[in-house]
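Below: the structure, in structure tokens.
The values are calculated or read from the model by the stated rules, or taken from the named source; none is laboratory data. This structure is a prediction, so every number in the text was calculated from the model and none was measured. Cβ placement follows ideal geometry from the backbone for every residue including glycine, while neighbour counts extend to all protein chains displayed. What goes into the accessible areas is simple: the full protein's heavy atoms, side chains included, and nothing from ligands, DNA or RNA. Shrake-Rupley method; radii C 1.70, N 1.55, O 1.52, S 1.80 Å.
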Amino acid sequence: MVNDEIIIESINPQSQVYDKCPHCNSAVKYSQLKTDKSLKIKCYNCESYFSPNQKQSKTEDVKKIIKFSNIIDKFRKPGIDTDKNPCETEYYEILGVSPTATQEEISKAYHDIIANIYINNEKTKVKIENTSKVYKILSDPEKRSEYNRYGKNFVNDLKKFLKQQFGGDLFNDYIGDLIYVTLDDFIEIINGDKIHLKNPTEKEKIRKKGKKQEERVKELTEKLIKKIEMYIKYVRPFYDNDKQLKGKEEEYISRFKIIIKVEAKKLKHEGYGIELLHLISYIYKLKANQALQQLNIENGDIFQRINGYKNKFTSKMKEKNHLFFDVINTSKSANAYHKYHKKIQNQDKMNAGDEFLTEEEKKNVRNSLQQKATINWMDSFWQCFKYVIEKTLIKVCNRIFYDTTVSSKEIKERINAILIISEVFRKTVISNTDNNNTSQKEIDTFDSDLGSWLIV
């Protein structure tokens with residue numbers, strides 16, 4: 001070997017993969033591994049983790065696709081009396097009344113219009129239909145207030161959008177229409193609306209809300225019992241024979257697990273699918289373990305009872321702490337949104353007096369703040385949605401596990417079934433075979449007007 005030669009060590013060749021971080025948009029390169037396990041890539045730039053070929057995250061999708069329009073003025077900010085100064089007056093004009101009209105004046109105007117329609121043809125039928133639709137909204141104080149604040153279509157459009165982004169219809173058996181409940185609560189949080197318990201109207205509103213929630217919990221309980229019945233109906237005939245029961249449990253738990261895995265495979269590709277599956281799993285496991293400890297307290301020996309009391313107390317404290325920190329996180333996220341909102345207002349003032357920036361530059365600066373505010377709005381909403389889901393599922397599980405109309409063996413099998421669902425949901429992830437799918441849907445039908453409302 002000649003002394004001036006340079007030796008370069010060779011390495012075992014591995015295929016190199018190029019990808020893009022969905023969080024910071026940096027190009028990355030890594031070695032491809034042959035494995036059946038799911039992979040996570042750590043970005044060298046922002047140090048975030050992502051799956052190979054993962055599409056942009058839910059927040060980055062919002063940032064990418066939302067287009068901003070001049071609809072901002074429709075959104076009524078806290079402090080504006082929308083009952084005296086509604087964002088639109090079309091419905092009042094149809095009835096020919098002022099936005100400050102009393103309920104009696106609205107009722108009289110409606111009946112006068114209907115009474116003066118004589119000709120029965122297609123045109124008058126449409127007029128009657130439209131007038132009745134307007135009257136139905138303006139005669140209901142709650143619906144009228146919503147119309148005054150947001151206009152005629154906004155809230156429904158927003159609800160449809162959020163339903164699509166957070167679980168879709170496939171999650172209905174587990175969380176029902178909680179997305180709509182969350183939106184109502186979240187709008188109050190964002191707008192800083194205060195509840196006056198001494199006000200009879202507010203008290204009645206809270207009462208109706210509580211009643212609807214109880215009906216919702218009852219419906220979700222029935223759906224979950226129906227689902228776990230797919231397992232329980234096969235082991236119920238063996239409750240009187242412990243030896244046979246154990247064998248049947250093993251057989252039918254395996255079959256039930258296969259059914260839930262098929263369902264989880266579909267659910268994970270919905271908007272926030274993985275996050276929702278893991279959230280449901282957490283509550284199910286927490287409440288099932290509490291119910292197991294209660295069975296030990298009621299039916300176990302002295303040592304099982306002592307451990308049952310201790311473990312149940314620990315689990316209850318964990319549940320309360322978890323809900324408490326959810327409230328804190330929701331509050332923090334809402335405060336962060338308000339900070340961005342304030343920055344946008346300040347930027348508008350600066351832009352108005354800045355003679356050095358072009359109109360295009362001013363627009364770009366404002367749009368950048370709008371994008372960040374929108375991302376923060378979505379993250380804040382997710383925090384609030386999590387809290388509503390957890391509170392509701394806790395009540396559902398309490399109904400299932402503390403049902404005094406069934407035997408302790410029935411309760412035990414309910415616990416087994418719920419734990420199976422929890423286990424399958426917890427282990428569900430996006431794997432390499434899901435490269436063309438993510439746990440979030442792309443926001444490809446987002447309305448530009450709707451986007452502007454989210455921002456200001």
With a 1.4 Å probe and every protein chain left in place, tell me how much accessible area Thr404 has, in Å² to the nearest 10. 130
Rounded to one decimal in Å, the inverse mean reciprocal Cα-Cα distance for the range 348-413, i.e. its Kirkwood radius, is 16.5
Work from the charge dipole of the range 114-273 (Cβ charges, +1 for Lys and Arg, -1 for Asp and Glu, about the Cα centre) and give the residue of Ala264, Pro141, Gly168 farthest towards its positive end. Pro141
Per-residue SASA entry for Phe381, accessible area with 1.4 Å probe, Å² rounded to 10: 0
Arrange the residues Tyr239, Tyr135, Tyr147 by how much accessible surface each exposes, largest first, with a 1.4 angstrom probe. Tyr135, Tyr239, Tyr147
If I model a spin label at Asn346 and Glu229 as a point 7 Å from the Cα along the Cα→Cβ vector, what separation in nanometres do I get? 5.9
For Asn156 and Phe356, calculate 0.36 nm times their separation in residues minus their Cα-Cα distance, and state this gained length in nm to one decimal. 67.8 nm
Distance cut-off 15 Å, percentage of C-alpha pairs in the range 88-173 lying past it: 64
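More than 19 Å apart: what percent of Cα pairs in the range 132-183 qualify?
Value for the range 132-183 (Cα pairs over 19 Å): 39 percent.
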What is the spin-label model distance, in nm, from Ser408 to Leu39 if the labels are put 7 Å beyond Cα along the C-beta direction? 5.2
What's the FRET efficiency of Ile187 with Asn364 using the Cβ-Cβ distance as r and R₀ = 30 Å, to the nearest 0.05? 0.55
How far is it, in nm, from the label point at Asp169 to the one at Arg426 when both lie 7 Å from their Cα along the line to the Cβ? 3.2
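How much FRET efficiency would the formula 1/(1 + (r/R0)^6) give for Tyr49 and Glu105, where r is the Cβ-Cβ distance and R0 is 51 Å, rounded to 0.05?
Result of the calculation: an efficiency of 0.25.
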